[in-house]
Amino acid sequence: FKDQEESWDYSGNMARLEIAAALSSDIKTVTKEYMSGNEVMTRTLSEVVVDQVLKNAIVKTRWYDESEYRYWTLVEYKLDD
């Protein structure tokens with residue numbers, strides 16, 4: 001993203017998505033095998049569907065990795081006991 005605020009927002013959304021996917025997700029995978037010369041090649045496509053809304057997810061810390069040009073966000077989400 002060109003805008004730093006958009007980058008932080010996206011990073012936070014991705015962190016929440018990772019938590020939601022760990023709680024509940026539906027994974028669909030399609031695998032295709034084909035010959036390329038004398039070799040058998042495999043191509044796998046996966047789709048992860050997350051139907052989860054996270055409320056009260058708290059951003060704990062953020063950082064920018066200059067070597068990878070990536071924004072990272074650590075989000076805390078407390079599970080019910």
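Tabulated values for the structure
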quantity	calculated
Eligible lysines near Lys55 by straight Cα distance, threshold 29 Å, same-chain separation 8 or greater	Lys2, Lys28, Lys78
Stretch in the chain that is longest and holds no GluC sites (Glu not before Pro) that DSSP places in a loop and that have at most 15 other beta carbons within 10 Å	1-65
In Å², nearest 10: area of Tyr64 left accessible to a 1.4 Å probe	90
Amide H within-cut-off set for Val59, under 5 Å, with H built and near neighbours excluded	Glu76
Accessible-area value, Asp80, 1.4 Å probe, nucleic acids and ligands omitted, Å²	150
Contour minus Cα-Cα distance for Thr42 and Tyr77 (0.36 nm per residue)	8.9 nm
Surrounding net charge for Ile58, when Lys and Arg each add one and Asp and Glu each subtract one, Cβ distance under 13 Å	+4
Solvent-accessible surface ranking, highest first, for Ile27, Ile58, Ile19 at 1.4 angstrom	Ile27, Ile58, Ile19
Solvent-accessible surface (1.4 angstrom probe) belonging to Lys78, in square angstrom, nearest 10	150
Helical contribution to [θ] at 222 nm, DSSP H n ≥ 4, -39,500 (n - 2.57), averaged over the chain, rounded to 500	-8500 deg cm²/dmol
Stretchable slack from Arg62 to Leu23, in nm (0.36 nm times residue separation minus alpha-carbon distance)	11.8 nm
At 1.306 mPa s and 10 °C, Stokes diffusion of the chain via Kirkwood alpha-carbon radius, µm² per second	102
Cα long-axis angle, helix 4-23 against the chain (0 to 90 degrees, to the nearest 10)	70
With every protein chain in place, the chain: carbon and sulfur % of accessible area (1.4 Å)	46
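The values are calculated or read from the model by the stated rules, or taken from the named source; none is laboratory data. Because the structure is predicted, anything quoted here is derived from the model rather than measured. Cβ atoms come from the backbone with ideal geometry, glycine included; neighbour counts cover every protein chain shown. Note: accessible area is taken over every heavy atom of the protein model, side chains too, but ligands, DNA and RNA are not part of it. Shrake-Rupley method; radii C 1.70, N 1.55, O 1.52, S 1.80 Å.
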